[in-house]
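Just so it is clear, none of the values below were taken in a lab; they were calculated from the coordinates. None of these values were measured; they are calculated from a predicted model. Glycine gets a Cβ as well: all are built from the backbone with ideal geometry, and neighbour counts include every protein chain shown.
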Amino acid sequence: MKDPARPPPLKKSNRGTLRIMTEEGVKQRRKTIKQKVRSMSDQDVRKTLEKSKISVGTTTPSHIVREILEGGMEAGMIVAK
């Protein structure tokens, strides 16, 4: 027998939630992203960009490709694990 007084199940979702960070949090996030990109190989950097559907030419220098990845990660457009 169902309990009519029981509330309906709630859907837990974080979609649409904005993350507001302090200046210190922003600095720490940038530092973490730079360390992560620096530790990746050139091949991994290009694969990550390819997975995110960002096309980069094969003749593009690696330091520019890394900057693109850093910027994308900082903006939240690219997720690298």
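Could you please report the charge total around Thr58, scoring K, R as +1 and D, E as -1 over all other residues with beta-carbon less than 12 angstrom from its beta-carbon?
Residues close to Thr58 contribute a combined charge of -1.
Going toward the positive end of the dipole of the chain, with +1 on Lys and Arg Cβ and -1 on Asp and Glu Cβ, which of Val56, Leu10, Gln35 do you reach last?
Toward the positive end, the furthest listed residue is Leu10.
Kindly express, to the nearest 10 degrees and within the range 0 to 90, the angle between helix 42-51's C-alpha long axis and the longest C-alpha principal axis of the chain.
Here the helix axis deviates by roughly 40 degrees.
Scan (1) 39, 17, 10; (2) 23, 13, 10; (3) 24, 15, 13 for the value of semi-axes √(5λ) of the Cα gyration tensor in Å calculated from this model and give just the label.
Read-out taken from this structure: (1).
Keeping to pairs on different chains or 8 or more places apart, tell me how many lysine pairs in the chain have Cα atoms under 29 Å apart.
25
Helix 23-39 sits at what angle to the longest principal axis of the chain, using alpha carbons and giving 0 to 90 degrees rounded to 10?
Roughly 50 degrees, rounded to the nearest 10.
According to the square roots a ≥ b ≥ c of the eigenvalues of the Cα gyration tensor, what is the shape class of segment 31-78, taking rounded for a/c under 1.5, prolate for a/b larger than b/c otherwise, and oblate for the remainder?
Oblate is the answer for segment 31-78, as a/c is 1.5 or above yet b/c matches or exceeds a/b.
Can you compute the charge dipole magnitude of the chain about its Cα centre, using +1 on each Lys and Arg Cβ and -1 on each Asp and Glu Cβ, nothing else charged? Give it in debye, rounded to the nearest 20.
Charge dipole, the chain, about its Cα centre: 400 debye, nearest 20.
Multiplying the sequence separation of Met77 and Lys2 by 0.36 nm and subtracting their Cα-Cα distance, what value in nm do you get?
Roughly 22.5 nm would be gained on extension.
So how far, in whole Å, is the C-alpha centre of segment 5-34 from the one of segment 55-75?
26
Under the rule of -39500 (n - 2.57) per DSSP H run of 4 or more residues, summed and divided by the residues of the chain, what mean residue ellipticity at 222 nm is obtained, to the nearest 500 deg cm²/dmol?
When only DSSP H runs of four or more count, the value is -16000 deg cm²/dmol.
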